[in-house]
Amino acid sequence: MGHTLPLVILAYRRGFKTSIFANLSYCLIHLIISFKIPPAKSLSSFLAIILMDYILPYCLMSIVFSIKFASKYRIFIGIIFSFILKIIMASISGVVLWGEYIPFKCNIWTYSFIYNCMYLVPECTINVLMGKKLFKFLNL
């Protein structure tokens, strides 16, 4: 929890190029450390899982913080918006790639959205709360 906050600070302070490099590096390290072989039926679905579950969500974070707008709450809006994009990407991935593994009959979109919100909303909340204290300390 709160593991993306250093990436947020880097994106906020150093801009898009440094942020995209750091996010891709973090993504690859995260992929190597926590990767579990998905039950993909083809190489293309295997690559789509890596792209949609690992690479794109972190790249979207860099894009969010490259958007410039004037607000003293810019950093918190960026954190929340980047997590909204992560929820959307993870929900699409859940429907497209993991849909056949849902344990019971229900609306696949609802299941995927709720499943992903269960861990991403608390993570977003922790990032915002930790960020509030950290940004005050760092005078950002």
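Nothing in this text is a laboratory measurement; each read-out follows from the coordinates by a stated rule. Treat the numbers as computed from the prediction; the structure is a model and nothing was measured. Heads up, the Cβs are rebuilt from the backbone with ideal geometry, glycines too, and the neighbour counts pull from every protein chain shown.
Couple of notes before you dig in:
- Note on the chain: dipole from Cβ charges, positive end direction compared against Y12, W98, I33; the farthest Cα belongs to Y12.
- DSSP-loop chymotrypsin sites (Phe, Trp or Tyr not before Pro) across the stretch 43-140, with at most 10 other Cβ within 10 angstrom: F69, Y73, F104
- Computed label-point distance, nm, for sites H3 and I50 using a 7 Å Cα→Cβ extension: 1.8
- The candidate values were (i) 9, 32, 34, 20, 4, 0; (ii) 11, 39, 33, 14, 3, 0; (iii) 12, 43, 32, 13, 1; the one computed from these coordinates for P(r) over Cα pairs in 10 Å bins from 0, in percent carries the label (ii).
- The trypsin sites (Lys or Arg not before Pro) of the stretch 3-59 that DSSP puts in a loop, and whose beta carbon has at most 16 other beta carbons within 10 Å, are K36, K41.
- Each other residue within a Cβ distance under 14 Å of A22 adds +1 if Lys or Arg and -1 if Asp or Glu, for a net charge of +3.
- Exceeding the 32 Å Cα-Cα cut-off - candidates K36/K72; K17/K133; K17/K136; K36/K105; K17/K41: K36/K72; K17/K41
- For the chain, calculated [θ]222 nm from helices alone, where every DSSP H run of n ≥ 4 adds -39500 (n - 2.57): -24500 deg cm²/dmol
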